[in-house]
Each structure stands twice: as structure tokens, then as C-alpha cells.
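Report on one structure; see the data block that follows.
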Amino acid sequence: MTETRVLAGVRVVELGQNLAGPFAGEILADLGADVAKIEKPGGDDARRWGPPLTENAAAIFHLMNRNKASVELDLKQDEDLATLEALIAQADIFVHNMRPGALTPLGLDPDSVRARHSRLIYCDMGAFGHVGPMRTRPGYEPLMQAFAGLVSINGHPDGPPARMGASVVDLGTGMWTAIGALAALFQRERTGHGCVINSSLLETALVWGGTHAALYQTTGQVPERHGSGHPMIVPYQAFETADGPLVVAPGNDRLFRALARALDHPEWSDDPRFETNEARRRHKEEIVGLVAGAFRDMPIAEAQDRLDEAGVPNAPMQTIPEVIDNPQVRALGIFRKAPGLNVSMVALPLSFDGKRPGIRRAAPGLGEDTSARRSNRAG
């Protein structure tokens, strides 16, 4: 199969650690860019996050750093700092998520680097943002979920608030940074100049909570936790069947009527309390109770058959092993093995003309490419 590398020829230097910076670099690497990952002596901390998958790297490090080269540099040493400068001089994109202000004494802050390399796209990833009274503070995923209000809206209404299980803030910031870098590449084609892209964990977290912020400003009501449900659409949540929970998502009035017919209760559609979504939202407890009662003793297979026939969106709550073995997931071919690894990992969730970018190389060993990049830095 022909390899899909839409960013072939683009050079990236990533001074990233943990998740957000490396994920931005991985997106670009998966798309075909040449990404040189700069690691401190001893390596990215994420190499030791969890049980080792290979001799010197945990599974999460492999997931975030495939398709890259590793260059181990001690930036306190003049020679290593000069090597990084030379690599940046050759690069189209420089990505870093170092602690705010850490690169200024090294002359690697945005203004200094852009003054030397006008075509460079400089991606400056922060925690709380590049302006404001908290701009110099560091931050991590759970702090940002808490600070931006995401924890307060996540969890069951009768239980404590909860952190979201996935690192949505770190990964989302990596995504926004990659999107910004690609947009800046397009702009550079027109202008001949690069730019500075600022992204941050807080800004990403605020975007993910944007719907709830808008609802609060509209209604004046502090957003509540809805478990598997939705603050604006009713019913739109998980319901217990005789043998497991089923998420049911009738996203409009037409689909609610279809749900009512599928459950042998067409009269719900004529009830003034349930005719429209706004009415159902005002009478959420009543309609949710009725739907829950209809599903309670029904086998999940029967429930799915009824809903599928009626065209009502639904899905079972699967465990991770069930997801991996699901026929639809398998058909997508999104789980790929990296060369030399026995573990499959999720590849880029994009296809180009039906072809998904592959995993060309497992995450590199620490400093595996240092010598080659030093010798090529003038090339």
C-alpha cells in the first residue's frame, strides 16, 4: 500500500514533554512531517509513565511519540544549544510546551527565535495562556479540568464531581496547536512569513466547557451534572435494560416520536408535556421515568432491534476490550502495530482518499538520532 504522507518535506522540531506538546508533534509526524523530538538528559518524563512497553518507554510514550526521531540534548551545554539552534534554523515548525519563561534565558523565546528565522512557525503551548496574571504558572490536566469548571459538570448528579477519564485538555491542546500550525503553513505560502501560535490548556478546557458557559449566561442557572445525560436534550442518556445499560439519543422531536412508537407508547408524543424538546426538558423527571420503565425489563438485544428499526440512534456502553474487538472498529483499521511492537495503538483518525496515514516507526529510543542530527545540522 502506498504510504500517505501529506506533509512530506515539512520539518518540525518538537521540544515537548508529557502529552500536549508530544501529541501536537505526533499529529504532524503521522501526517508525514519529519519531526525531531528534543529530549532532556534522561528523556521525556512520559517514558516512565506506567508499565514499560519496551526497555526504555511506557505505552503512553509510544502512543504519543511514534514516527519521530529522538535527539537528546542538554540545553545547559553550549554545543547542544547550538545543535538545537541549527535544527530550528532548518525547520518549518517549532513546537514546545515547556514551562512559561523557561526558554527565555536560552534565547529561545518567540520574539528572539522569530527575529532570527522569519519563516518559522513558532508554536508556544502554555498552561494558563500567554497573557494575564497567571500566564507564568505551570499546569497539568487535572488542574485545568478543575480550574475551567469541567470537573464541576462531570459525574452523576447524586454523586461527587469527577475528572473526565481521558486527557481531553492535553490532547485537545495538541490538536489545536497542530491545526494552527497547518493554517500558518498555508498563510506562509501567501506571505512568505511565519508567525507565533499561542495555545494553552486553559483555553482548550474553556472551549470544551463552552456550551455550559453559554447556558449559564443565558439562564443564570449554574450548570448541573447530568451523568450520561445532556443539559439541553431530553431524553438523551443511558437507560438500564434487563442486561445492561443502553445509551439512547433521540436528538429531535421526530426521533422522540419514533422512540415512543418503538416502545409501544405513541401517546407520549401527544402529551403536552412531551410534544417538544423544550417541554420535555421542563418535565425531564417525568419522561425519563417513563422511558426508564419501558426499558427496565427489556433485553438489550430487543431494545436495540426496536430502536434500530425505528431509526433511533443508540449504543451499548462498551468496555475497552469490547471496543477493540468490535466489528465496526475492526473494519475501520484504526488500530495499527508499529514496527517492532506487538501492541496495537490507535492511529490518526483521518483518511486521505480512503488511506489512513500509517505508523512508520515506533517511538524512538532516547537519543537514538542524536548523532545523525548533529552531523546533518548544517545540511
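Descriptive notes on the structure:
- Fraction of alpha-carbon pairs over 15 Å apart in the stretch 236-288 - percent: 47 percent
- Equivalent ellipsoid semi-axes - Cα gyration tensor, the stretch 304-379, angstrom: 41, 15, 9
- Restricting the stretch 1-84 to GluC sites (Glu not before Pro) in coil, as DSSP defines it, with at most 10 other Cβ within 10 Å: E3, E55
- For the stretch 220-379, the convex hull drawn through the C-alpha positions has a volume of 220 cubic angstrom per residue.
- Computed on the chain, with alpha-carbon pairs under 8 angstrom and 6+ residues apart, the relative contact order is 19 percent.
- Rg(Cα) / (2.2 N^0.38 Å) computed for the stretch 147-304, rounded to two decimals: 1.38
- Calculated FRET efficiency for the pair A102/Y140, C-beta based, R₀ 22 Å, to 0.05: 0.90
- A simple spin-label model places pseudo-atoms 7 Å from Cα toward Cβ; at R360 and R119 they are separated by 2.0 nm.
- Beta-bridge orientation, the chain: approximately 40 percent antiparallel, per DSSP, counting only bridges with both partners inside.
- Extended-chain gain in nm, criterion 0.36 nm per residue less alpha-carbon gap, E278 and V329: 14.8 nm
- Radius 11 Å from Cβ of S344, net charge of other residues (Lys, Arg +1; Asp, Glu -1): +3
- Degrees between helix 168-191 axis and first principal axis of the chain (Cα, 0 to 90, nearest 10): 60 degrees
- Inverse mean reciprocal Cα-Cα distance (Kirkwood Rh) of the stretch 69-132, Å: 12.5 Å
- Helix 210-219 axis, angle to the chain major axis (alpha carbon atoms, nearest 10°): 50 degrees
- Hull-based mean projected area of the stretch 135-196, where the convex hull spans the alpha carbons, in square nanometres: 5.7 nm²
- Using a Gaussian network model of the chain in which every pair of alpha carbons under 10 angstrom is joined by a spring, one finds that among A148, A242, A89 the greatest mean-square fluctuation is at A242.
- The Cα trace of the stretch 329-370 gives Rg and Dmax of 12.3, 39 Å, the first to one decimal, the second as a whole number.
- Computed over the Cα atoms of the stretch 108-227, pair by distinct pair, the Kirkwood hydrodynamic radius stands at 16.1 angstrom.
- Here is the list for the stretch 59-107: trypsin sites (Lys or Arg not before Pro) lying in DSSP coil, each with at most 12 other C-beta atoms within 10 angstrom of its C-beta, are K76.
- 1.4 Å probe accessible area per residue over the chain, in Å²: 50 Å²
- Nearest-10 value in Å² for the accessible area of W176, using the 1.4 Å probe: 110 Å²
- Relative contact order of the stretch 1-150, defined on C-alpha pairs under 8 angstrom at six or more residues apart (%): 21 percent
- Centroid-to-centroid separation of the stretch 10-44 and the stretch 80-151 [C-alpha atoms, Å]: 13 Å
- If the convex hull is drawn through the Cα atoms of the stretch 267-354, its volume per residue in Å³: 181 Å³
- Potential lengthening of the chain between S375 and E286 amounts to 24.9 nm, from the contour at 0.36 nm per residue minus the alpha-carbon distance.
- Ligands, DNA and RNA left out, the 1.4 Å accessible surface of the chain is 55% carbon and sulfur atoms.
- Put simply, the Cα atoms of the chain extend 77, 49, 42 Å along their principal axes, the longest span coming first.
- Coordinate range of the alpha-carbon atoms in the stretch 1-149 per principal axis, descending: 51, 38, 31 Å.
The values are calculated or read from the model by the stated rules, or taken from the named source; none is laboratory data. Please read these numbers as outputs of a predicted model, since none were measured by experiment. Cβ atoms come from the backbone with ideal geometry, glycine included; neighbour counts cover every protein chain shown. When the accessible area is computed, the model is the full protein with side chains, heavy atoms only, and any ligands, DNA or RNA have been set aside. Shrake-Rupley method; radii C 1.70, N 1.55, O 1.52, S 1.80 Å.
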